[in-house]
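Working notes, beginning with the structure itself.
Only the coordinates and a few stated rules stand behind these numbers; no lab work does. Note that the structure is predicted; figures quoted are calculated from it, not measured. Quick reminder, even Gly has a Cβ in these numbers, built from the backbone with ideal geometry, and neighbours come from all protein chains shown.
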Amino acid sequence: MRIVIRKRLAAVGAACIVAAGAVFGYVEVFTKGIDRLPERPCGGAVDRGLAADALPSARKAEERGKLNTRGDGDFLFACYVRTADSALSGEAQTGGGTEAGWREAHRSDLEEGAVAVSEGGVQALALPTVAWVYVPCTPRRFTEETKRPHSLTVEARTVGETRLHGDALRQVVLDFAYQLTRHSYEAGECQEQRTFPEELPRTGSE
């Protein structure tokens, strides 16, 4: 009788191990879609780790980056990393505009508590789920005759549920926006010679 009981216990234990293995296998295989994306999504524009920090685990994730140049010489670069329910995305585009005009356009965001940081001529504002960056940029197709005050502006945001919240999410979204800025500045061949800092000051450093 004891032998029969031991055999039954062994069978139950083996079944539990198999079940546990199946659960572990599901977690490892199906909830790390972001980890299977390129190390730098959107053609090398941003760090995959930012999306992994910002977005919840998901069974599937996808990414895309695209640069469009308009006939007038201005350009738009768009990038997203998304799952079925959440996304981290942004757009960088050139156009006529000054820093003063950009700040005026974001006055209400400052009133809502947006944190302002700057470094090396790059200006940035960030709320917990959206960030903006401004830097002077004259696209390469603009000649001396057609030059006017020109800039590269970036907006990035999260959509849907996020893994992080508050100040931690604010920093990730701002870092995403800044990396998108640096990539777009080079991809769009802005004429001004500029050395970008590795990163902007941390939003909690003030």
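So here's what we get for this one:
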| read-out | value |
| --- | --- |
| Highest to lowest packing among 113-121, 134-142, scored as the average C-beta count within 10 Å | 134-142, 113-121 |
| Gain on full stretching of the segment that runs from GLU155 to ARG103 - 0.36 nm per residue minus C-alpha separation | 17.4 nm |
| Efficiency of FRET from Cβ geometry, GLN191 and LYS66, R₀ 22 Å, rounded to 0.05 | 0.45 |
| Pairwise label distance in nanometres, ARG140 with ARG40, each label 7 Å out on the Cα-Cβ vector | 1.8 nm |
